[in-house]
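Read through the structure below, which is laid out as structure tokens, and then see the notes.
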Amino acid sequence: AAVGVAGGQWAAGRPDAGPGGSADATNVSADGTGTVASVAAKVTPSVVEVRTDSATGSGVVISKDGEILTNNHVVAGADRVQVRLSDGRTVSARVVGTDPDLDMALLKAEGVRGLTPAALGGSKSLRVGDQVVAVGSPSGLTGSVTSGIVSALDREVTVPREDGERERQREHWPFEYGGGRYNGDLGERTTSYRAIQTDAALNPGNSGGPLFDMAGRVVGINSAIYSPTGGGPGQGGQAGNVGLGFAIPIDDVVKILDDLRAGS
């Protein structure tokens, strides 16, 4: 059954947010169970802040030599991409491949090695009520950790489809869910996907960041938030978390990973 909403916003932020602190590096491992604190300690070295000339988002490292997953809408049309690593370094990155239909992109950080990749889990086994942990850079606060549960599965959400050309700077990110459109017109080009719904706090800047299970494995890529207010980050009506966030299931991302690596 559809759940009615009053508005929505992509989780991408604005690049003028102030930088946050960085996390101390530790090894990522999947040990079966853990507390939020233990999961956070394991995974924060694998999470980065992604900055372009028009957006701020998050990403997750998936290889030691700097492959990073993020949302396509974070980097679409960007002239320059930089990533802030967990150790505080900021390095340039290039866009290797994108999939606008799933709103996913693969980046490659330049001149790095020995990074800590996150373990990719499986989203098929998720159950409603499972505890999850989100890590990202809301409003530039690097390495912010929130937790919650899986509220629902297979929620169909629709967002603008960013094809790579420069888009106008959006202050109100349009969003379609439950048969209604909110925060303005989505435009002629849209894309839909079946999302994980979570009540873990997601705010502008969390886009592209990972959603972890309690074994420290990536089960989703955070991509959209619902908010009853429409102001963009840095605006008087800035949107905030109300416990309705959406993530792209990692199983769907894994299916297109080879294509992203091939530059599709």
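The values are calculated or read from the model by the stated rules, or taken from the named source; none is laboratory data. Bear in mind that the values here come from a model prediction, so they are computed numbers and not experimental data. Quick reminder, even Gly has a Cβ in these numbers, built from the backbone with ideal geometry, and neighbours come from all protein chains shown. Accessible surface is based on the protein model in full, side chains and every heavy atom, while ligands, DNA and RNA are left aside. Shrake-Rupley method; radii C 1.70, N 1.55, O 1.52, S 1.80 Å.
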Every listed condition ((1) at pLDDT below 60; (2) over 30 Å from A41 (Cα atoms); (3) open to solvent by less than 50 Å² (accessible area, probe 1.4 Å); (4) of a type in the set (G, A, S)) holds for A239 save (2)
Which of the residues belonging to the range 46-84 are of a type outside the set (A, V, I, L, M, F, W, C), surrounded by 24 or more Cβ atoms within 10 Å (Cβ to Cβ) and either assigned to a loop (DSSP other than H, G, I, E, B) or in contact with a Leu (Cβ under 9 Å, 6 or more places away or on another chain) (or both)? S46, E49, G59, T70, N72
Among the residues of the range 248-264, write down those that are assigned to a helix (DSSP H, G or I) and under 16 Å from R155 (Cβ atoms). I250, D251, D252
Determine whether the range 118-140 contains at least one residue that is open to solvent by 40 Å² or more (accessible area, probe 1.4 Å), touching a residue at least 12 places away in the same chain (Cβ under 8 Å), of a type in the set (D, E) and touching a strand residue (DSSP E or B) at 6+ places or on another chain (Cβ under 9 Å). no
Residue set A40, A30, A93; condition modelled with pLDDT under 95, more than 19 Å from D163 (Cβ to Cβ) and either open to solvent by less than 50 Å² (accessible area, probe 1.4 Å) or part of a helix (DSSP H, G or I) (or both); output residue A40
When you look at T146, is it part of a strand (DSSP E or B), over 21 Å from R217 (Cβ atoms) and either open to solvent by 30 Å² or more (accessible area, probe 1.4 Å) or touching a Phe, Trp or Tyr at 6+ places or on another chain (Cβ under 7 Å) (or both), yes or no? no
Determine the pairs where a residue that is touching a residue at least 40 places away in the same chain (Cβ under 8 Å) and under 15 Å from G59 (Cα atoms), located within the range 75-101, has a partner that is open to solvent by less than 50 Å² (accessible area, probe 1.4 Å) and hydroxyl-bearing (S, T, Y) with Cβ atoms under 7 Å apart, the partner being 6 or more residues away or on another chain. R84/T142; S86/T44
Of the residues in the range 41-54, how many are touching a helix residue (DSSP H, G or I) at 6+ places or on another chain (Cβ under 9 Å) and touching a residue at least 60 places away in the same chain (Cβ under 8 Å)? 2
